[in-house]
Amino acid sequence: MYVAPRAPSNEWNLWHQAPVDQLFDRLIEDLVICERVDPDRVYLMGYSAGGDGVYQLAPRMADRFAAASMMAGHPNDARPEGLRNLPFAIHVGGNDGAFDRNKVAAQWGVMLDALAQSDPGAYVHQVEVHAGKGHWMDREDASAVPWMAKYTRNARPQKVVWVQDDVTHPRFYWLAVDEPKQGQRIVAERQGQEINILDAPPALALRILLDDAMLDLDKDVRVTQQGKELFVGRVPRSKAVIERTLQDRYDPKAAFTAEVKVITAAAPVLAPAPTAPTAPAAPVADAPASSPH
């Protein structure tokens, strides 16, 4: 199934407006419920200003998609850190110099290479700069479709890197916050019965969503941050958690059965965020993104 939504606004900064994320959320929910689309096989791609949208939406909605592909767009102020668990392809014409799209795509390739090298097995990506092609790539970028189709969503990855954009979200994979704020960076990983918070704002109320596919809920669960124990004990299965996480997205494969609430350390030593080259100025949007299934 292929869905090409109309952009909800005609403004140049439409990808920085909350209704865009809400539109995609609702589209996915409706198609999962009404058309029995597999929520683990939803893919995102967009061309030109639609590519701008993929750069923006993929990192902040990575837990909704199995893979994403950007064609002929510009990232503006988007960051790639949230793509840790989302295979991401970039296609741009080698002669597509408007807004430095070709140069910025190459810069993102360097950033993704560095992230993948520092986190083995994560940040799966493909960057293709098509030699001799301009803004239109004569469909050479169509290779992105079979590349994306190789992947299915992992709704419960071992490690989550969550960086809030100017459009914020209260939940990302198995992490949730009640007061999302732009710029919040949370990094957490799980191993066995332990959840380790590697990076988070100080004194943050954080909810960790769990189920028996992630760990054994009949045994103690331990949550730590930089060696400090934030929680240890049994986490009961809860009908209320099942209902709430299902109502969040109507996604049966992203519903959880238990949660533990912690407050992060008052003054953690934050891990430095990866640095990247400065991107050129923002372009004017000229085409909507599409979300094929």
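The values are calculated or read from the model by the stated rules, or taken from the named source; none is laboratory data. Since the structure is predicted, the reported quantities are computational estimates derived from the model, not experimental observations. Here Cβ is always computed from backbone atoms with ideal geometry, including for glycine, and neighbour counts include all displayed protein chains.
Is it true that some residue in segment 66-73 is surrounded by fewer than 24 Cβ atoms within 10 Å (Cβ to Cβ), in the same structural domain as Gln22 (by TED's automatic domain parsing) and not in a strand (DSSP E or B)?
Yes; the residues of segment 66-73 include at least one that is surrounded by fewer than 24 Cβ atoms within 10 Å (Cβ to Cβ), in the same structural domain as Gln22 (by TED's automatic domain parsing) and not in a strand (DSSP E or B).
Considering only residues that are in contact with a strand residue (DSSP E or B) (Cβ under 9 Å, 6 or more places away or on another chain) and part of a helix (DSSP H, G or I), look in segment 30-55 and name the one that is nearest to Gln17 (Cα to Cα).
The qualifying residue nearest to Gln17 (Cα to Cα) is Gly53.
If you check Phe88, Phe65, Phe99, which single one turns out to be touching a Lys or Arg at 6+ places or on another chain (Cβ under 8 Å) and among the aromatic types (Phe, Trp, Tyr)?
Working: Phe88 fails: touching a Lys or Arg at 6+ places or on another chain (Cβ under 8 Å); Phe99 fails: touching a Lys or Arg at 6+ places or on another chain (Cβ under 8 Å).
It is Phe65.
Go through segment 1-42 and give me each residue that's touching a Phe, Trp or Tyr at 6+ places or on another chain (Cβ under 6 Å) and either within 21 Å of Met148 (Cβ to Cβ) or not β-branched (Val, Ile, Thr) (or both). Walk me through it before giving the result.
Step one: filter segment 1-42 for residues touching a Phe, Trp or Tyr at 6+ places or on another chain (Cβ under 6 Å), giving 29, 33, 42.
Passing the criteria: Glu29, Val42.
Take the conditions outside the structural domain of Leu246 (by TED's automatic domain parsing) and of a type in the set (Asp, Glu) and apply them to Asp211. Does it pass? Quick ask: steps written out before the conclusion?
Working: outside the structural domain of Leu246 (by TED's automatic domain parsing): no; of a type in the set (Asp, Glu): yes.
Against the criterion (outside the structural domain of Leu246 (by TED's automatic domain parsing) and of a type in the set (Asp, Glu)), Asp211 does not qualify.
Looking only at segment 212-260, which residues are closer than 29 Å to Arg41 by Cβ, among the polar types (S, T, N, Q) and not in a loop (DSSP other than H, G, I, E, B)?
Thr245, Gln247
Any idea which of Gly109, Gly121 is farther than 19 Å from Thr224 by Cβ and in contact with a strand residue (DSSP E or B) (Cβ under 6 Å, 6 or more places away or on another chain)? Working first, answer last.
Numbers: Gly121 fails: in contact with a strand residue (DSSP E or B) (Cβ under 6 Å, 6 or more places away or on another chain).
Answer to the selection: Gly109.
When residues of segment 60-80 are filtered for being out of contact with any strand residue (DSSP E or B) (no Cβ under 7 Å at 6 or more places or on another chain) and farther than 20 Å from Asn102 by Cα, how many remain? Working first, answer last.
So in segment 60-80, the residues out of contact with any strand residue (DSSP E or B) (no Cβ under 7 Å at 6 or more places or on another chain) come out as 60-62, 64, 74-78, 80.
Restricting the remaining residues to those that are farther than 20 Å from Asn102 by Cα gives 60-62, 64.
Here the count works out to 4.
For segment 96-107, does any single residue satisfy the condition of being assigned by TED's automatic domain parsing to the domain that holds Gly134, in a loop (DSSP other than H, G, I, E, B), modelled with pLDDT of 95 or more and surrounded by fewer than 22 Cβ atoms within 10 Å (Cβ to Cβ)? It would help to see each step written out before you state the result.
In the first step, residues of segment 96-107 are kept if they are assigned by TED's automatic domain parsing to the domain that holds Gly134; the result is 96-107.
Now narrow it down to the ones that are in a loop (DSSP other than H, G, I, E, B): 96-97.
The next check asks that each one be modelled with pLDDT of 95 or more; those that pass are 96-97.
The next check asks that each one be surrounded by fewer than 22 Cβ atoms within 10 Å (Cβ to Cβ); those that pass are 97.
For segment 96-107, residues assigned by TED's automatic domain parsing to the domain that holds Gly134, in a loop (DSSP other than H, G, I, E, B), modelled with pLDDT of 95 or more and surrounded by fewer than 22 Cβ atoms within 10 Å (Cβ to Cβ): present.
Among the residues of segment 136-145, is there at least one that is touching a Lys or Arg at 6+ places or on another chain (Cβ under 8 Å) and buried (at least 19 other Cβ atoms within 10 Å of the Cβ)? Steps first, answer last, please.
Within segment 136-145, the first condition is being touching a Lys or Arg at 6+ places or on another chain (Cβ under 8 Å), and the residues that meet it are 140.
Applying the additional criterion that residues be buried (at least 19 other Cβ atoms within 10 Å of the Cβ) yields none.
No: segment 136-145 contains no residue that is touching a Lys or Arg at 6+ places or on another chain (Cβ under 8 Å) and buried (at least 19 other Cβ atoms within 10 Å of the Cβ).
Mind checking which residues of segment 177-231 are within 28 Å of His16 (Cα to Cα), of a type in the set (Asp, Glu) and loosely packed, with under 13 Cβ neighbours inside 10 Å?
Once the filter is applied, which keeps residues that are within 28 Å of His16 (Cα to Cα), of a type in the set (Asp, Glu) and loosely packed, with under 13 Cβ neighbours inside 10 Å, segment 177-231 yields Asp178, Glu179.
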